[in-house]
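*Asks:* Let me give you the structure first, and then I'll get to my questions.
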Amino acid sequence: MSAPNRATLWGRILTDELAKGGLDAVCIAPGSRSTPLTVAFAEHPEIDVYSQLDERSAAYFALGRARRTGEPTALVCTSGTAAANFHPAVIEAAQARVPLLVLTADRPPELRDSGANQTVDQTKLYGDAVRWYAELPEPEADERKVRSLRTTAARALSETLGVEPGPVHLNCPFRKPLEPIAVPGDVPDSFVQTTAGRGRDGPFVDTGGGTRTLADDDHRRLQNALTAADRPLIVAGPADPATLADFEPAAVADLADRLGAPVLADPLSGLRFGPHVGGADDGDDDSRTIYGGYDTYVPELPSPDVVLRFGASPTSKPLRNWLRDADARQFLVDPAGAWREATFTATDLLAADHGTVVDELLETVTAAEAGSDDAWRARFDAAERRHWAIRDAALTPDALESAPFEGAILASVVSNAPDPATVFVSNSMPIRDADRFARPRTAAVTMLANRGASGIDGIASTALGAGSTTDEPLVLVTGDLAFYHDSNGLLAVDRCDVDATIVLLDNDGGGIFHELPIEAFDPPFTDQFKTPHGVGFDALADAYGLEFDRVAPPAFADAYRRSLERTGTQVLAVEFDSAASHRRRDALETRVEDALDGLESDRD
């Protein structure tokens, strides 16, 4: 590979090797020291380049792409604090197992600890948040060094998709000249003909993966427990990208039917929405497999005796507490063999791929073997029907005219989302309301959120990054603080050509704090926790060329459907009084609980 100087050579070889390994997208924040990387990526025909001015937004945009595709997206920045601004997204990628390749340009090693401008210690900058770290050798047209560079690039991509996928950090020192300026003798003509210079057909190192399966004894142990259970249960928590690719929802539903086990499907599990759900979204079926209303009613039901758990810890706190208090054997399946269960009540940890466990059980379990109590699933069916009947009554336009609350908007977002669609939901109250109010339906709705570290930073950027990977309609549901926090990320609508319907739930501050005991202590509650900001978001939308519409809760569904039919990006702002909304949410919870008490009394 020819180049006018060694820095340009290094950028071209690294980019060439990453492309041969399958990398197809990079998000670049502009800077000087990263020039060799930026120019190489911009010139490469097989890699899509997304330019973001703000490093934190750039990192979350890349995170969104990788979360939606399950394949690594690369990140590039210059030296200094630019690299530090990647850190929050790197943490989220680590916690949520999202493959991310972080390339930080750096100044020559001798300038470290010298007071040189824009020079900080970038060695292992992200600590344990990355799966692997390497510092690239300094650029030179040396065969052994270039073989090392190509091997490191191949290894880095492989590590992002390892047994536990996640971020990888390559620190890349460069000397001037950084631009493709000719430096005589820097890259001899003879070097182009070497194997290191040309590379190989395909990746320099081709890494093969494997599938983690259960040992025979572990499979029998799991099968025997499930088939002997009177009250078996399957719980699907938030799924990481590899799990979404590994899981076949119809297979999980088939297994649940054979076992007589309800499936409590988190909205982020990949199981709450899709054709496998059956007729549950029409409200007329008598028997379901996938359940979504459990947040309210599980505390009122008997405990399971065996639980098969997939994914991360469920969003629903009542469900987590119910499982915590259950006197049940709980099998936690995790491909990496990691512990992701913070109540510490699981009894068995199975290190295996989710899809493999389900497929192996389907090969050996028959409906005749399963001994579940017929009344077990019937209780869930009845509770689910009562749950949605009461919810639906509270979601009519007339009901919302007198008692509006944020959960109604989440219900409408999901029930009216196109088939297919990508729906990204912010943290704090929106994801909790999605869990409570997003009814299972047969449409192919992919719901995503940043639940690894559950921060409100980078929400808009992550959503837009996810939307950049697909032609499906993109919907972002965000609170006002999260919208404000990542306002820089809105520049991607224009720069990265991504359209969305942005549903802005504006309650003028941190509404979620009304759920905490600190609400009773004011001061300091209003000034230090709820923190009303008084920001007019119509001006913010105008700054980024977005259409803005302030919508009353009863009129939201119609405005939302109109937005979905239009081109461009619209912000639909719905205002709420957070304290009143919480009281209405609590009152609705009480109505559901009372109805379920009556249901259990009738059964008794």
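The numbers here are math on the coordinates, done by the rules we state, and not lab data. Everything numeric in this text was worked out from a predicted model, so none of it was measured. Cβ coordinates were reconstructed from backbone atoms using ideal geometry, including for glycine residues, and neighbour counts include every protein chain displayed.
*Asks:* Could you tell me the distance between the Cα centroids of the range 1-58 and the range 302-362, to the nearest Å?
*Replies:* Going from one Cα centre to the other spans 42 Å.
*Asks:* So if I place +1 on the C-beta of Lys and Arg and -1 on the C-beta of Asp and Glu, and nothing else carries charge, what would the dipole magnitude of the range 395-589 be about its Cα centre? I want it in debye, nearest 20.
*Replies:* Working: 14 positive and 30 negative charges, 101 e Å.
Around 480 debye, computed over the range 395-589.
*Asks:* Can you sort ASP373, ASP457 by how many other beta carbons sit within 10 Å, fewest first?
*Replies:* Values: ASP373 15, ASP457 21.
Placing the least packed residue first, the sequence is ASP373, ASP457.
*Asks:* List the residues whose amide H sits under 5 Å from the amide H of LEU448, counting only those 5 or more places along or on another chain, with H placed 1.01 Å from N in the peptide plane.
*Replies:* When sequence neighbours closer than 5 places are left aside, the close amide H contacts are VAL423, PHE424, VAL425.
*Asks:* Loop-only GluC sites (Glu not before Pro) in the range 1-109, please: DSSP not H, G, I, E or B, and at most 16 other Cβ atoms within 10 Å.
*Replies:* Passing both the DSSP loop test and the Cβ count: GLU46.
*Asks:* Continuing with the same structure: Would you please name the chymotrypsin sites (Phe, Trp or Tyr not before Pro) within the range 287-371 that are DSSP coil residues with at most 14 other C-beta atoms within 10 Å of their C-beta? Present the calculation step by step, with values, prior to reporting the outcome.
*Replies:* Numbers: sites: TYR291, TYR294, TYR297, PHE310, TRP322, PHE331, TRP339, PHE344; in loops: TRP339, PHE344.
Within the range 287-371, the qualifying chymotrypsin sites (Phe, Trp or Tyr not before Pro) (loop, at most 14 other Cβ atoms within 10 Å) are TRP339, PHE344.
*Asks:* Given the rule -39500 (n - 2.57) for each run of at least 4 DSSP H residues, summed and divided by the residues of the chain, what is its mean residue ellipticity at 222 nm, to the nearest 500 deg cm²/dmol?
*Replies:* Details: 23 runs with 236 residues, N = 604.
The helix-only estimate for the chain comes to -11500 deg cm²/dmol at 222 nm.
*Asks:* Another question about this same structure. GLU369 to GLU515: extension gain in nm, 0.36 nm per residue of separation minus the Cα-Cα distance?
*Replies:* Values: separation 146, 0.36 × 146 = 52.56 nm, distance 4.50 nm.
Separation in residues times 0.36 nm, less the Cα-Cα distance, equals 48.1 nm.
*Asks:* Hey, can you grab everything whose amide H is under 5 Å from the amide H of LEU349? Only 5+ residues off in sequence or another chain; H modelled, so Pro and N-termini drop out.
*Replies:* LEU332
*Asks:* Ok, one more. When ranked by the protection proxy of mean other Cβ atoms within 10 Å per residue, highest first, what sequence do the peptides 152-161, 217-226, 353-362 form?
*Replies:* Details: 152-161: 22.6, 217-226: 17.0, 353-362: 19.6.
The densest-packed peptide leads the list: 152-161, 353-362, 217-226.
*Asks:* For each of ARG112, ARG150, count neighbouring Cβ atoms within 10 Å of the residue's Cβ, then give the residues from fewest to most. Provide the component values of the computation, followed by the final result.
*Replies:* Values: ARG112 15, ARG150 24.
In increasing order of surrounding Cβ atoms, one gets ARG112, ARG150.
*Asks:* With θ taken as phi - 60° and the coefficients 6.51, -1.76 and 1.60, list the Karplus ³J(HN,Hα) couplings across the range 580-589 in order, rounded to whole Hz; mark glycine and proline as x.
*Replies:* 5, 5, 5, 5, 5, 5, 4, 5, 5, 4
*Asks:* Residue by residue, what Karplus-based ³J(HN,Hα) values in Hz, rounded to whole numbers, does the range 217-224 have, using 6.51, -1.76 and 1.60 with θ = phi - 60° and x for Gly and Pro?
*Replies:* Couplings: 5, 5, 5, 5, 4, 5, 4, 4 Hz.
*Asks:* Count charges around THR35 for me, please; just the other residues with Cβ under 14 Å from its Cβ, Lys/Arg as +1, Asp/Glu as -1.
*Replies:* Details: positive: ARG6, ARG12, ARG33, ARG107, ARG175, LYS176; negative: GLU43, ASP106, GLU179.
Neighbourhood net charge equals +3.
*Asks:* What is the distance in Å between the Cα centroid of the range 98-172 and that of the range 429-445?
*Replies:* Taking the Cα centre of the range 429-445 as reference, the centre of the range 98-172 is 39 Å away.
*Asks:* Could you go through the range 78-93 in sequence order and give the Karplus-derived ³J(HN,Hα) for each residue, using 6.51 cos²θ - 1.76 cosθ + 1.60 with θ = phi - 60°, rounded to whole Hz, and x for Gly and Pro?
*Replies:* Rounded to whole hertz, the list is 7, 7, x, 5, 3, 5, 5, 6, 6, 4, x, 5, 5, 4, 4, 4.
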